[in-house]
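All remarks here apply to the structure that follows.
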Amino acid sequence: MKTLVLGRMPARVTEVLATLRADGFDAEGVSTDEEARKLLETGEFGVLIVGGGVESDSRAAIKEFAAARLVRRVIDGALTEPFDAYVRREFEPLIREAASEA
């Protein structure tokens, strides 16, 4: 199941993607709502991770947009170090769960 990561800090998005990809997940990442909307419009993404730095108005709008595109799971994230351990503990089980429900 393809995962989209939206985060305001490109370096953190890159770190999340590196961990997900190293663990066998198909993931892409962006830093703007516009980029996220373009990718979500493709209908290819089953999971959306929204980083803690995404403002509340943007967060609500992108969640609504994702729901209209049948994204199975939206995960709110607020990374803590070490980032790879956080991704494995908090994100990966939820991605696996969403994939098993597909």
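The values are calculated or read from the model by the stated rules, or taken from the named source; none is laboratory data. Small disclaimer: the values here were computed from a predicted structure and weren't measured. Glycine also receives a Cβ, built like all others from the backbone with ideal geometry; neighbour counts cover every protein chain displayed. The protein model used for the area step is the full one, side chains on, heavy atoms only, and it has no ligands, DNA or RNA in it. Shrake-Rupley method; radii C 1.70, N 1.55, O 1.52, S 1.80 Å.
Can you tell me how many residues within the stretch 69-86 are within 11 Å of the chain's Cα centre (by Cα) and over 16 Å from Gly53 (Cα atoms)?
2
Can you tell me how many residues within the stretch 45-65 are more than 23 Å from Ala99 (Cβ to Cβ) and either touching a strand residue (DSSP E or B) at 6+ places or on another chain (Cβ under 6 Å) or surrounded by 20 or more Cβ atoms within 10 Å (Cβ to Cβ) (or both)?
So the answer is 2.
Give the residues of the stretch 2-44 that are open to solvent by less than 10 Å² (accessible area, probe 1.4 Å) and either modelled with pLDDT under 95 or within 12 Å of Phe65 (Cβ to Cβ) (or both), sorted by residue number.
Leu4, Leu6, Ala36, Leu40, listed by residue number.
Just name the residue that is most open to solvent (accessible area, probe 1.4 Å) out of those in the stretch 87-96 that are within 14 Å of the chain's Cα centre (by Cα) and without any contact (Cβ under 8 Å) to a residue 40 or more places away in the chain.
Ranking the candidates gives Arg96 first.
If I ask for residues that are touching a strand residue (DSSP E or B) at 6+ places or on another chain (Cβ under 6 Å) and open to solvent by less than 50 Å² (accessible area, probe 1.4 Å), which ones from the stretch 75-85 would you list?
Correct list: Ile75, Gly77.
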